[in-house]
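Throughout, read-outs are computed from the coordinates displayed, never taken from laboratory work. These numbers come from a predicted model, not from an experiment. Cβ coordinates were reconstructed from backbone atoms using ideal geometry, including for glycine residues, and neighbour counts include every protein chain displayed.
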């Protein structure tokens, strides 16, 4: 089974770009416009646990730091890798991301190859079909 990557970003464009490039690489992708919807997804029965979450910090309703903390508080997500995505690239932002449970931090604008490289550094390349 392919690795599942969850993308949480309020920009439909960013979601589409990441989803398209990851599917092309062989990953399964689940996208959400905000953290509230993403967290609600986990309340369904038999939900598939993502291997990795690409998480925007500047989200409506609940910021990415709070979403990351809530994801990390769920025992079934203890092995899920979180990668923060943000326009902010200061040391404080990166540190806050780490403290919230993120393993990596990418800044916008990004190149799709950067995202693929970071994801593959955590999950390995997807198995060929």
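Quick look at the values:
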| quantity | calculated |
| --- | --- |
| Those residues of region 6-34 which are in a helix (DSSP H, G or I), in contact with a strand residue (DSSP E or B) (Cβ under 6 Å, 6 or more places away or on another chain) and over 17 Å from residue 106 (Cβ atoms), in sequence order | 23 |
| Test result for residue 87, surrounded by fewer than 12 Cβ atoms within 10 Å (Cβ to Cβ) and in contact with a strand residue (DSSP E or B) (Cβ under 8 Å, 6 or more places away or on another chain) | yes |
| Number of the exception - residue 70 against (1) within 17 Å of residue 4 (Cα to Cα); (2) in a helix (DSSP H, G or I) | (1) |
| Residue within region 97-111 that is exposed (fewer than 11 other Cβ atoms within 10 Å of the Cβ) and without any contact (Cβ under 8 Å) to a residue 12 or more places away in the chain present | yes |
| Residues within region 73-111 that are part of a helix (DSSP H, G or I) and closer than 18 Å to residue 34 by Cβ, tallied | 3 |
